[in-house]
Amino acid sequence: MTGTVGVKPTYGGVSRYGLIALASSLDQAGPVTRTVLDSALLHELMGGHDARDSTSIPEDLPPLVDAARRGATGDLTGMKIGVVTELDGEGYQDGVRARFAESLDILRGLGAEIVEVSCPHFEYALGAYYLILPSEASSNLAKFDGMRFGLRVEPEEGPVTAERVMSATRGQGFGDEVKRRIILGTYALSAGYYDAYYGSAQKVRTLVQRDFDAAFEQVDVLVSPTAPTTAFKLGEKLDDPLAMYLNDVATIPANLAGVPGLSVPNGVSDDGLPVGFQVLAPAKADDRLYRVGAALEAALEKSWGGPLLAQAPELEVRS
Amino acid sequence: MSTRTVDLVDYDDAVRRYDPVLGIEVHVELGTVTKMFCGAEVEFGGEPNTQVTPVSLGLPGALPVVNRTAVESAIKIGLALNCSIAESCRFARKNYFYPDNPKNFQTSQYDEPIAFDGYLDVELEDGTVFRVEIERAHMEEDAGKNTHVGGAGGRISGAEYSLVDYNRAGIPLVEIVTRPIEGVGERAPEIARAYVKTLRDIFRALDVSEARMERGNVRADVNLSLRATPESPLGTRTETKNVNSFRSVERAVRYEVSRQAALLDAGDAVVQETRHWHEDRGVTSSGRVKSDAEDYRYFPEPDLVPVAPARSWVESLRAAQPELPVERRRRLQGEWGYADAEMRDVVNADAIDIIEATVAAGSSPAGARKWWMGELARRAKSAEVELAELPVTPGQVAQLQGLVDSGRINDKLARQALEGVLAGEGDPEQVVVARGLEVVSDDGPLLEAIDAALAAQPDIAEKIRSGNLGPVGAIIGAVMKATRGQADAGRVRELVIERTSA
């Protein structure tokens, strides 16, 4: 939906050391580039084992650049691709659905076998994600308290105690969306609510992982639209966070399960804005993303006569 | 802080009418080279904030990595406490805002401790063995150290500002939690003390910590509640924090028993709260009220993977467990041939290590005990220092005893030689030579002195010559006096008899 290629590597595939943590069990750095090959090149540089991150996978990455180059040759013979039933249909823009269907045709034309796969617990993924993320964020962001580093705000009146400085600093330093998530997470982790919220969310997470395990026994990769709609305007949905969160519905299952995902632009919707095509692979099989992504990208660019970005209108220059 | 004095019930009266129940949490700082989750060095007494890394300062982007040696130490402690060792366990975050913890959460273990369900047999001063059930032993990191400046007595209230030293932040700790310790009766203070001391001895035997109480390597939180009878449900407990000496553990328990009994006598409720121990005044005072309102929002630490110690590792650690203090005491008592009461005195005087070292340096066990439990114990007591702090080494004591055993000096001269050693005049051998303390072993001067003594006391000489050996002592005494105590009394006796016969 941004017209760029984006990759979320397998959780643990790229070290988180040095990243400012939002939600430790979900955070994963990945490349955002113009082309699939650029992502593969960057991913290979960023990835691999790092002893300073305990969740880093102690194994070499699969050959990503090779996979991208191989995919770009346009042969997907023998590749079995699953379309996630739950990530299409209601709530998805017509233009998004049309581009998705066209892309599937292209992949079929390249020799891939396309089947439908059901992941019944994906519908609970969004709810689980928006409990786990704020819970971990409420703890990770606690260190921004004005004591040792960063912004420090002293209360305008009254005594300057550590607690009051922390309160004033955090009150001023965090934006509304961050505060919303901290409050939500603090609540979800509270003694009386832990089992109902954080605990249940972790159970859903396990179920989503099992959906992926079962799906990947049938297919090599799963695919879906990257998002149900094209990009909304900056700040447009700030007053309706639920609608804003819903836009993540298709990408969140991979985040929860720790499996890798790639989004490649596959055209523009009726509103002229770019849409994305998502490829998901089993953990540690990031190379499959690049093979399928590069194959689709090459075929699309051939049909467009160049990259999608070349079709973008000139930006208005404001004086 | 309130200065109100509290009515107390006489301790003996209190334990006659109420049944105390203990619960003790002991934190031990592990003696690892580096911290629990990062490579910052751990060394006592460093300049503030020099033993830190981005991890122990909680900087954004830093991530923890578990210290393998700390896990190993925790397993060793768990094994020594007869615990089960978890096949897999996790760390958890304990969330609370306080400047001594730069992340504003402590990485600890919550519902998955590394060791659980154990017990510790504690030997009391009279030899009774009391079994304390261990609920769990878990790993966690220490917090930084706050220093409050400008207030009264270093307290936070009224302070102008506070300084934080993060050298301690992230030092590995193992916390050992007992189950409620029931059936302690009037011996509650003694049992509490003996439990903490036994743990301290175990930490040292395992070599997992220097376990120095005065440095805060070992800290005890003492929970205490009273109930009407041993059959009654548990009463409301208080938790007295950071009681950092054996004596204080004992005193704090006594104090809380007396204080809670007074409350219950008056029909008041004991408030469930954290209390502070004041060493100087021997009292506890109310800290924060502990209730469900204090919610640490524990959840599994997502930056760490579970710790799953391989069974083979655990078993190899079990096989390599060193001799624990109780076993060692039994072995040494057998080797040294001490009576039960003698051994207990040695243990209670904390003299076991020093006597062992003295024996190892060549002294007879009886000789080593005689010095350390006698003359040296008296001197340590009057100087108010530990035995080990006296300016004499086990090697020197062994040498001193060796001089006695070989007959070169007698006990009286030995005490003078010890005097010289303590005064810094060198080893016993050097002192004996320098002070001329050696027993006169050459018969010549002795015979001279004997003849002089016999001549000076002709009546006595006559009695001896006629076969009455009763008054020989008088001649020996005179000879000893003439030789300034440097004669071997036995030899003198032989010579006197020889001189007066035939």
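Worth a mention:
- Single residue of the range B:22-37 satisfying the filter (within 14 Å of another protein chain (Cβ to nearest Cβ) and touching a Leu at 6+ places or on another chain (Cβ under 9 Å)) that is surrounded by the most Cβ atoms within 10 Å (Cβ to Cβ): B:MET36
- Residue in the range B:147-158 that is out of contact with any helix residue (DSSP H, G or I) (no Cβ under 6 Å at 6 or more places or on another chain), touching a residue at least 40 places away in the same chain (Cβ under 8 Å) and in a strand (DSSP E or B) present: no
- Checking each residue in the range B:382-414 for being surrounded by fewer than 16 Cβ atoms within 10 Å (Cβ to Cβ) and either in contact (Cβ under 8 Å) with a residue 12 or more places away in the chain or part of a loop (DSSP other than H, G, I, E, B) (or both) picks out B:GLU384, B:VAL385, B:GLU386, B:ALA388, B:PRO391, B:ASP405, B:SER406, B:GLY407, B:LYS412.
- Scanning the range B:165-178 for residues that are touching a residue at least 40 places away in the same chain (Cβ under 8 Å) and either touching a Phe, Trp or Tyr at 6+ places or on another chain (Cβ under 9 Å) or surrounded by 21 or more Cβ atoms within 10 Å (Cβ to Cβ) (or both) yields B:TYR166, B:ASN167, B:ALA169, B:GLY170, B:ILE171, B:PRO172, B:LEU173, B:VAL174, B:ILE176, B:THR178.
- Enumeration of residues in the range A:139-173 that are within 14 Å of chain B (Cβ to nearest Cβ), not in a helix (DSSP H, G or I) and not charged (D, E, K, R): A:PHE144, A:GLY146, A:MET147, A:PHE149, A:GLY150, A:LEU151, A:PRO159, A:VAL160, A:THR161
- Across the range B:221-249, the qualifying residues are those that are in contact with a Gly (Cβ under 9 Å, 6 or more places away or on another chain) and assigned to a loop (DSSP other than H, G, I, E, B), and the one among them that is surrounded by the most Cβ atoms within 10 Å (Cβ to Cβ) is B:ARG237.
- Those helices (runs of 4 or more DSSP H) of the range A:214-319 in which 1 or more residues are surrounded by fewer than 20 Cβ atoms within 10 Å (Cβ to Cβ) and within 16 Å of the chain's Cα centre (by Cα) occupy A:241-246.
- Matching helices (runs of 4 or more DSSP H) fully within the range B:265-381 where at least 3 residues are within 14 Å of another protein chain (Cβ to nearest Cβ): none
- Residue match in the range B:10-33 (condition: polar (S, T, N, Q) and under 25 Å from the mean Cα position of the chain (by Cα)): yes
- Restricting attention to the range A:107-138 and to residues that are closer than 15 Å to A:VAL223 by Cα and surrounded by 18 or more Cβ atoms within 10 Å (Cβ to Cβ), the residue that is nearest to the other protein chains (Cβ to nearest Cβ) turns out to be A:PHE122.
- Scope the range B:62-98; condition of a type in the set (A, V, I, L, M), touching a helix residue (DSSP H, G or I) at 6+ places or on another chain (Cβ under 6 Å) and not in a strand (DSSP E or B); matching residues: B:ILE75, B:LEU79, B:ALA80
- Any hit, the range B:51-61, residues being away from chain A (no Cβ under 14 Å) and assigned to a loop (DSSP other than H, G, I, E, B): yes
- Qualifying residues in the range A:190-247 (those that are closer than 22 Å to B:ARG93 by Cβ and among the basic types (Lys, Arg)) - the one nearest to the other protein chains (Cβ to nearest Cβ): A:ARG205
- Selected residue (criterion: nearest to the other protein chains (Cβ to nearest Cβ)) from residues of the range A:2-31 that are of a type outside the set (A, V, I, L, M, F, W, C) and assigned to a strand (DSSP E or B): A:LYS8
Here, each number is a calculation from the coordinates, and none is a lab measurement. Fair warning: this is a prediction, and the values are worked out from it, not measured in the lab. Reconstructed Cβ throughout: ideal geometry from the backbone, glycine too, with neighbour counts over all protein chains shown.
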